[in-house]
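Beneath this line is the structure, given in structure tokens, with notes to follow.
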Amino acid sequence: MPRFENLIAATDGSGPTEQMVHTLLSLPAFAQCNVTLLHAVPSQTSAEEMRAAWQRGQELLAKTLQSFPARPGVTISTQLVEGDPKVVVLQVAESMPNPLIVMGSRGRNRIMAILQNSVSQYVFQLASCPMLLVKDDAYIKYPSHVMVALNSSPAAQAAFATALDLISGIQGAQIFLASVQLDADNPGRDEALDRAIDTLKNRQIGHQVLTAVGDPGTEIVRLAAESNADLLVMGSPDRRPTIARSIPDLDRLLGRSISDYVRVHIGCPVLMVRSAQDSD
């Protein structure tokens, strides 16, 4: 079964999402996948407004679909759905096996994301599947240099495995292993880093080790910028209580979430990999 089986692109006509999907489809890892161009039409106050919004959605999807050339092994379809965009994206993702969500993000900070009802923030908090966020001002490149934020957590290990799958078949690809220590006086031995290096050597994949001491979120963003990484892959733990599935985890939003800090401040696209076994 393909690692990246269903790719869901939340399309709003802004451009970064579609550009990122074009880039992904040029990778060997996405040679066999189903792409869904998804647009949600929020409910309107009148039937006339609803017809107009629906027409705009149809035109947007038709125009976006035309920008994708036919590719052997790749199926591209469109879905136009009435409903709250953030809810629609989650529902569509849950209906598919092995989904990957691709969404644009304005990179709002946590308070602004809550007050302005950010779609990407909501989906980021509640999605169980991997999610690739592309900020409006991100420079999208062919991801041959992928940085992985690495530690011993299950989410970080899942991120490393995802990065390996992502660069599979890319000639000359490199992985940057970013390891951030909190305490300079007590660094200890990073067994997760050692295992990752051994894996990359055994697979003959080029790599660099990037180390830092300090706040993980701040240092991950800095290392990504200084290494000129094309894409960051990191674990983003899933802390949703079952009874609160319909609302964002406000404790996580307002607390010191590493993944949320990175989401706001990173310059390159970032692929968040979920794990229900960990917390950041």
| query | Looking only at residues in the range 198-236 that are open to solvent by less than 30 Å² (accessible area, probe 1.4 Å) and β-branched (Val, Ile, Thr), which one is nearest to residue 179 (Cα to Cα)? | reply | 220
| request: Name, by its number, the condition in (1) open to solvent by less than 40 Å² (accessible area, probe 1.4 Å); (2) at pLDDT below 90; (3) within 18 Å of residue 39 (Cβ to Cβ); (4) part of a loop (DSSP other than H, G, I, E, B) that does not hold for residue 123. | output: (4)
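Can you confirm whether residue 74 is touching a residue at least 24 places away in the same chain (Cβ under 8 Å), under 22 Å from residue 121 (Cβ atoms) and either touching a helix residue (DSSP H, G or I) at 6+ places or on another chain (Cβ under 9 Å) or of a type in the set (Phe, Trp, Tyr) (or both)? Lay out the reasoning, then the answer.
Numbers: touching a residue at least 24 places away in the same chain (Cβ under 8 Å): yes; under 22 Å from residue 121 (Cβ atoms): no; either touching a helix residue (DSSP H, G or I) at 6+ places or on another chain (Cβ under 9 Å) or of a type in the set (Phe, Trp, Tyr) (or both): yes.
Judged against the criteria, residue 74 is not a match.
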| field | Search result, residues across the range 59-74 that are open to solvent by less than 60 Å² (accessible area, probe 1.4 Å) and over 24 Å from the mean Cα position of the chain (by Cα) | value | 62
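Looking at residue 20, is it at pLDDT below 90, among the aliphatic types (A, V, I, L, M) and out of contact with any helix residue (DSSP H, G or I) (no Cβ under 6 Å at 6 or more places or on another chain)?
Details: at pLDDT below 90: no; among the aliphatic types (A, V, I, L, M): yes; out of contact with any helix residue (DSSP H, G or I) (no Cβ under 6 Å at 6 or more places or on another chain): yes.
Against the criterion (at pLDDT below 90, among the aliphatic types (A, V, I, L, M) and out of contact with any helix residue (DSSP H, G or I) (no Cβ under 6 Å at 6 or more places or on another chain)), residue 20 does not qualify.
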| task | Identify the single condition in (1) open to solvent by 70 Å² or more (accessible area, probe 1.4 Å); (2) under 30 Å from residue 173 (Cα atoms) that residue 43 does not satisfy, given that it satisfies every other one. | result | (2)
| remark: Only one of (1) open to solvent by less than 50 Å² (accessible area, probe 1.4 Å); (2) more than 21 Å from the chain's Cα centre (by Cα) does not apply to residue 56, and that is (1)
| field | Qualifying positions in the range 35-63 - touching a Ser or Thr at 6+ places or on another chain (Cβ under 9 Å) and aromatic (Phe, Trp, Tyr) | value | none
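The values are calculated or read from the model by the stated rules, or taken from the named source; none is laboratory data. Everything quoted here is computed from the prediction, not taken from an experiment. Virtual Cβ from ideal backbone geometry, glycine too; neighbours counted across all protein chains shown. These area figures cover heavy atoms from the full protein model, side chains too; ligands, DNA and RNA do not enter into them. Shrake-Rupley method; radii C 1.70, N 1.55, O 1.52, S 1.80 Å.
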